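Structure first, commentary second.
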Amino acid sequence: MYIEVFQRYIQFEKRFSHHTFTAYSTDLAQFTAYTQLNFSIAAPEEVHHTHVRSWIVELMNQNINSRSITRKITTLKTYFKFLVREKYIEQSPMAKVRVPKIAKRLPVFINQPQIQQLLDEIPFAEGFSGLRDKLVLELLYATGMRLSELIQLQEHDINFYESTLKVLGKRNKERLIPFSNKIATTLKQYLEIKKAFVPSVSSATDSLIVTDKGTEAYPMFIYRIVHHYLSMITTIDKRSPHVLRHTFATHLLNNGADLNAIKELLGHASLAATQVYTHNSIEKLKSIYKQAHPKA
């Protein structure tokens, strides 16, 4: 019962994304199963911080990475905080639980010559599918939007007069992202050919990106497009849409963009999330220093 109430809270009040909602639900199901099996715990008020610590040790023994463990701890903190607030329990067992240290992982990105090769030299198929694939890559790199934001884009979100896209981000927060004349040209070409390609009766008519069948695009469909074309220009292990988001932010920073401006373009809630990209810039400076300084 408690978990169902909590799920309604994070879905309808907190407006967590579907991905986050699923992750939280899975974490709680795993923790509940573990405590029931190992400690015969039947209710949240019976949970002690030692039970949580025991679960963390078990996750470590399963070689679950520290980032995933940290997210699971965050799930439990949010859950028990909610139960305390609603007076289902008197105190949270999470007060004495420490989060394991996470090794810093720098964002993976593609260098500028490779991106230029991708957008200017790699041939795309003729017709609708080729133009659609090109638009997907250009939008992800030129705007830094998330995969989910790209899928949710509607034709009416495009403002050609202002050269902006209205994007619906996390927590249903809207933001405007500017686009270049090159993107505007690709968009207009795509919309023109899309009219003939997608039947007017289709429910996906207003969705900007659609599949070869004329239906609304979905995450794996976009992922396959990006992975296919990135494989032509790079050997990095990660070739996902998010890599293009990292690339967008890193290239802006390397070319002198203000960190606060990048934060707004990415739709980050705090500057701390954006500052991770400064590490890539520092690594670039170190590399230049070692190559150029006579005493390096």
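The values are calculated or read from the model by the stated rules, or taken from the named source; none is laboratory data. Note that the coordinates shown come from a computational prediction; the quantities given were computed from them, not determined experimentally. In this analysis, Cβ positions are derived from the backbone assuming ideal geometry, glycine residues included, and neighbour counts consider all displayed protein chains. The accessibility values were calculated without ligands, DNA or RNA, using every heavy atom of the protein model including side chains. Shrake-Rupley method; radii C 1.70, N 1.55, O 1.52, S 1.80 Å.
Here are some residues: 236, 262. Which one is assigned to a loop (DSSP other than H, G, I, E, B) and touching a residue at least 12 places away in the same chain (Cβ under 8 Å)? After ruling out the rest, the residue left standing is 236.
Residues that are among the aliphatic types (A, V, I, L, M) and under 26 Å from residue 242 (Cα atoms) do not occur anywhere in region 74-89. Scanning region 165-184 for residues that are surrounded by 11 or more Cβ atoms within 10 Å (Cβ to Cβ), assigned to a helix (DSSP H, G or I) and not charged (D, E, K, R) gives 183, 184. Tell me yes or no: at least one residue of region 216-223 is open to solvent by less than 30 Å² (accessible area, probe 1.4 Å), part of a helix (DSSP H, G or I) and out of contact with any helix residue (DSSP H, G or I) (no Cβ under 7 Å at 6 or more places or on another chain). Within region 216-223, one or more residues are open to solvent by less than 30 Å² (accessible area, probe 1.4 Å), part of a helix (DSSP H, G or I) and out of contact with any helix residue (DSSP H, G or I) (no Cβ under 7 Å at 6 or more places or on another chain). Just so you know, in region 224-245 the residues that are open to solvent by less than 60 Å² (accessible area, probe 1.4 Å) and out of contact with any Lys or Arg (no Cβ under 9 Å at 6 or more places or on another chain) include one that is modelled with the lowest pLDDT, and it is 236.
Would you confirm, using the coordinates I've provided, whether residue 15 is over 16 Å from residue 94 (Cβ atoms), part of a helix (DSSP H, G or I) and within 24 Å of the chain's Cα centre (by Cα)? So residue 15 does not fit the description; no. State whether the residues of region 133-153 include one that is open to solvent by 30 Å² or more (accessible area, probe 1.4 Å) and without any contact (Cβ under 8 Å) to a residue 40 or more places away in the chain. Checked region 133-153: at least one residue is open to solvent by 30 Å² or more (accessible area, probe 1.4 Å) and without any contact (Cβ under 8 Å) to a residue 40 or more places away in the chain.
Within region 26-39, residues that are closer than 13 Å to residue 58 by Cα and hydroxyl-bearing (Ser, Thr, Tyr) have Cβ atoms under 8 Å from residues that are open to solvent by 40 Å² or more (accessible area, probe 1.4 Å) and assigned to a helix (DSSP H, G or I) in these pairs: 34/58, counting only partners at least 6 apart in sequence or on another chain.
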